[in-house]
Every structure is written in C-alpha cells, then in structure tokens.
Amino acid sequence: MPGQPTILGTQLAHLSGACKGFVTAGWDFVFPPACVACGGELAAPRSDSTCQICAECRQKLSVHALHPSCLRCGAPVGPYVDRQRGCQECRREPFAFKTVYRLGIYQESAIKESVLRGKYIGGQPLLTSLAELIWEYAGHEMQAAQIDLVVPIPQHWRQRMFSRHHAPDVLAEAWGRRLQVPVGYPILAKVRKTQKQAHLSRTERHKNQHQVFRVTRPAMVKGKTILLVDDVLTTGATAHSAAKALRGNGAKLVVVAVIARVLGQR
Ligand SMILES: [Zn+2]
Ligand SMILES: [Zn+2]
C-alpha cells in the first residue's frame, strides 16, 4: 500500500539507526565530548538538555542560581527582603521591565570568564550551553510568564559590521527554541552608538540610553509578553530603555533574561 513502510524498508531503517549509533559511539570514543567552558572531559549529558558543561564548571557557574534574588533586578538578597519591592541595587530605578532571570553575578570569576569568552570568536557553543543551564534553573518561570516573543538587545549597525556573532542573539535563539516562540529581529533597532556605561554616573547613564532604541515593527509587539535578552545586566539602563520602547509601542509586559547581573553600579 502506498505510504506503508515495507518490511525491507523497516529493516533498513533499523540498520541505519544502529549504524548511526555505532558511528556516534565510535566518534565519541576517538573524540570524547568536551566541556565548552573548560575543555575537560564531559560525562554523558542529561538526555533532556543540550548543555555541554561539565559538573565541576556547573557548580562554579551556579553558585548564585538557587539563592533568593530580587525579582526586579536579579541581585542576590537576604531572606527577609521583600523581593517584589526591589532591593538596594534597584529601588531608585523606574524599570520598564518586570523581572530579571539570570544565572550568576558578574563579579564571580567563573561567570565573568564565561561571559567574556562567549563574546569571542567561537563563543557560540558556550553561550548556547549557558542558555541551557539558565533554562534548567529558570525555565519553569519563563514558561509560566507566557512569553510570546523573544527579542535580543540589538547592536548599532556599525558595531554589527565588525562582529561575527552577537551574544544576545545566540542566547535569544536558544530560549526561543525552548519556549517555542519566535525570536524577533529586526524588531528593535539601536539608532545611535552609546558610551560604555561602567564609568558614567546614574544621570549620565540614563542620558546615554535615552531613546536609543526604536521599534521597527510595532504591529509585532502590540499586546505581547516579551522576553528581552542581553548577556549582562549592568545598571539596567539599557534594558530599561529597550523595554520602554517596546512598552511604548504596545507590548503588554517585558521580562529580561541575562547570563549575569553586575553588582555595585548604582
Ligand atoms: Zn568544565
Ligand atoms: Zn533589585
């Protein structure tokens, strides 16, 4: 009957599957899978995860992942802080986004090294695995947020010309796949270059980020809950400016996901 697999076809399919398994096992024997963070040997990864990070690196990267954090900005907080109201890192900031999901604190050496290596050439597999690791910790919250669209913080077109990959794009692709929602670009555009934020005062930072993003397709953000993605959240001024542009064009809610939160930049 047309469309029905024949016995010979089924046997060949089984044989092909067995061959593939044999080839993969052989390949892994010759080139054992390596941890994308340290290059060390990787024990068998979890079947439900594509995170290629070894147990030792996971431990170093996840120090703050399960500790209580401020729901507004992702900074670690003590057990008695009202996490909804914000912490000393963010209480003065009128953020246009609701919450921040993150893996760690930038000041931890393992996190900082990973963020920096993720930006370099060949950093994509590390970024994808970091996104997977964050999904293991925050995936259920991201799913509960009922996100419709993932939007990476964009680069200015002149920066884009000189970079091979943009870390927020790689993270956004990984979370878009997990959430099974579209990744939107170009939806947000960076209309001018900005100065580095680290040495600017709070007022200068807000001026630096003022109206720096423009929504290029307003119809796509209207009424949507958006996951805004960056690699780090320093003061929150960049994410605030981008979230403000999205909200100004009708987005219902903006939540943020990053690898790391930088502390002490108030
Ligand atoms: Zn490792
Ligand atoms: Zn906070």
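The values are calculated or read from the model by the stated rules, or taken from the named source; none is laboratory data. Worth saying up front: this structure is predicted, and the values here are computed from it rather than measured. With ideal geometry, Cβ positions are generated from the backbone for all residues, glycine too; neighbour counts draw on all protein chains shown.
Observations on the structure shown:
- Scanning region 174-192 for residues that are touching a Ser or Thr at 6+ places or on another chain (Cβ under 8 Å) and closer than 19 Å to residue 232 by Cα returns 174, 188, 189.
- Taken together, the criteria exclude residue 150 from residues that are free of Cβ contacts under 8 Å to residues at least 60 places away in the same chain and farther than 18 Å from residue 49 by Cβ.
- Here 151, 170 are screened, and the one residue that is part of a strand (DSSP E or B) and modelled with pLDDT of 95 or more is 151.
Condition check ((1) within 16 Å of ligand 1 (Cβ to nearest atom); (2) modelled with pLDDT under 85; (3) buried (at least 19 other Cβ atoms within 10 Å of the Cβ); (4) assigned to a loop (DSSP other than H, G, I, E, B)) across all residues:
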{"position": "67", "(1), (2), (3), (4)": "no, no, no, yes"}
{"position": "72", "(1), (2), (3), (4)": "no, no, yes, yes"}
{"position": "78", "(1), (2), (3), (4)": "no, no, no, yes"}
{"position": "81", "(1), (2), (3), (4)": "no, yes, no, yes"}
{"position": "84", "(1), (2), (3), (4)": "no, yes, no, yes"}
{"position": "89", "(1), (2), (3), (4)": "no, no, yes, yes"}
{"position": "95", "(1), (2), (3), (4)": "no, no, yes, yes"}
{"position": "98", "(1), (2), (3), (4)": "no, no, no, yes"}
{"position": "107", "(1), (2), (3), (4)": "no, no, no, yes"}
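- Comparison of 117, 160 shows that the only residue that is touching a helix residue (DSSP H, G or I) at 6+ places or on another chain (Cβ under 9 Å), charged (D, E, K, R), away from ligand 2 (no atom under 12 Å from the Cβ) and in a helix (DSSP H, G or I) is 117.
- Tabulated pairs, region 59-78, first without any contact (Cβ under 8 Å) to a residue 40 or more places away in the chain, second more than 7 Å from ligand 2 (Cβ to nearest atom) and of a type in the set (Lys, Arg), C-beta under 7 angstrom, 6+ apart or interchain: 68/83; 70/83; 71/83; 77/83
- A single member of 189, 243, 219, 251 is part of a loop (DSSP other than H, G, I, E, B), over 27 Å from residue 37 (Cβ atoms) and not polar (S, T, N, Q), and it is 251.
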